[in-house]
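A quick write-up on the structure given underneath.
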Amino acid sequence: MQNTFIRILTEAEAAFRIHKSDLKIRPVWHQKTERVQAHILVCFLAYVVWKTLGRMCKAAGLGNEPRRVFEELAKIKAVDVILPTRCGHQIRRRCVSRPSDHQAILLQRLGLNLPKNLLTTNKILKKM
């Protein structure tokens, strides 16, 4: 029983190290209970995403440490383009950079796909 507790405690401590360093999240001081609870939720979700990525990496034969994969996939950028119209509306379009060959291989091995309905930045530049 005590070994299980120590293992859980070690994982929780590792989660906070992941939270602060790998996810580049700074300490935040909140005054209201709702904001503290929201911050805890965001931290928990970040930890879940990190652990999920680790398991996906392990299942794909990429090891169980997602740090390098996370750094490589973080280079894929997204930009929201907002164009005003004459009648006062806005046209919004999210554009995603085209993944490099290495990133495309990582995405394929992890079973992830970028959304198909998004324009890539290369296509936007060609249209201009």
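Worth pointing out:
- Loop-located trypsin sites (Lys or Arg not before Pro) in the stretch 38-85, at most 12 other Cβ atoms within 10 Å (DSSP): LYS75, LYS77
- At R0 = 25 Å, FRET efficiency that the Cβ-Cβ distance of ALA104 and VAL42 yields, to 0.05: 0.25
- A simple spin-label model places pseudo-atoms 7 Å from Cα toward Cβ; at THR85 and LEU73 they are separated by 3.5 nm.
- As a calculated quantity, the FRET efficiency between ALA60 and VAL96 at R0 = 25 Å, using C-beta atoms, amounts to about 0.70.
Read-outs: derived from the displayed coordinates by stated rules, not from any lab. All of these numbers come straight from a predicted model, not from anything done at the bench. Quick reminder, even Gly has a Cβ in these numbers, built from the backbone with ideal geometry, and neighbours come from all protein chains shown.
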